[in-house]
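Comments concern the structure below.
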């Protein structure tokens, strides 16, 4: 595995390979979910680039940035055991922000106004800025993103379209821990007790899906809050049923139409998100 820190050196390696390239953008603290993206990218491309960069401009809370888990040595070990044909791109700040640590301003309409966009002002400008830089620096054939961050995935597809980057954006299913908790780097910040009890998030979503034919979004929300906040230290930040195309929340569910449920929950001081697909027969 090759480790590269600059876009210039990265482009040299890509030119030498002259082949299809799959990009897996990450912020490190890798887990099985990330490795599933790497595996798929390896199956569909001759060369895989895994980027590790903790992007400061997508954090609206400095403490959140400071506490974000980082373990590059462990990440290297995981990547080396997953595939041989990998380039690790670990850029310095200047490589992503050559004109200073300031995010660009984007207009993604309703896609960036709800849920994460509402709770974390400026978050998606930071995300879009770093993803644009990564896509331009790596010039991939395909880029792979997990569906846990479905809102981010939708915005990245729109970014790719607006900038005419020509990258195939691949969405990959959520990988879950044995208890159902969606895999996330932030799970490392949970206490053993909270990590086990956080299974309530997915179990409550599963229960809602069983009643989806009868319950309104309001009833679903009430049930979810009651189940989650019954646990000490757990607090629901948002619960939203929305169209996957525009992410605008709905109050009424139509038959045979696709929706998604989006949730954000605090388990102690750790913020967790999840999403599931919802469709009435």
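When residue 215 is tested against the conditions (1) touching a helix residue (DSSP H, G or I) at 6+ places or on another chain (Cβ under 6 Å); (2) surrounded by 14 or more Cβ atoms within 10 Å (Cβ to Cβ); (3) in a loop (DSSP other than H, G, I, E, B); (4) not assigned by TED's automatic domain parsing to the domain that holds residue 22, the lone failure is (1). Listed by position, the strands (runs of 3 or more DSSP E) enclosed by the range 1-84 that each have at least 3 residues that are within 30 Å of residue 271 (Cα to Cα) and in contact with a strand residue (DSSP E or B) (Cβ under 8 Å, 6 or more places away or on another chain) are 21-26, 47-52. Looking only at residues of the range 196-205 that are touching a residue at least 40 places away in the same chain (Cβ under 8 Å) and under 21 Å from the mean Cα position of the chain (by Cα), we find that the one that is surrounded by the most Cβ atoms within 10 Å (Cβ to Cβ) is 198. If you filter the range 39-55 down to residues that are touching a residue at least 60 places away in the same chain (Cβ under 8 Å) and surrounded by 19 or more Cβ atoms within 10 Å (Cβ to Cβ), you find that the one that is farthest from the chain's Cα centre (by Cα) is 45. Going by the conditions given, is residue 226 in a helix (DSSP H, G or I), closer than 29 Å to residue 193 by Cβ, out of contact with any strand residue (DSSP E or B) (no Cβ under 8 Å at 6 or more places or on another chain) and free of Cβ contacts under 8 Å to residues at least 12 places away in the same chain? So residue 226 fits the description; yes.
The listed residues are 171, 81, 110, 119, and the only one of them that is within 19 Å of the chain's Cα centre (by Cα) and within 23 Å of residue 41 (Cβ to Cβ) turns out to be 171.
Taking the numbered list (1) in contact (Cβ under 8 Å) with a residue 12 or more places away in the chain; (2) within 20 Å of the chain's Cα centre (by Cα) in turn, residue 63 passes all entries but (1).
The values are calculated or read from the model by the stated rules, or taken from the named source; none is laboratory data. None of the values given here were measured: they were computed from a predicted structure. Here the Cβ is made from the backbone with ideal geometry for all residues, glycine too, and neighbour counts use every protein chain on show.
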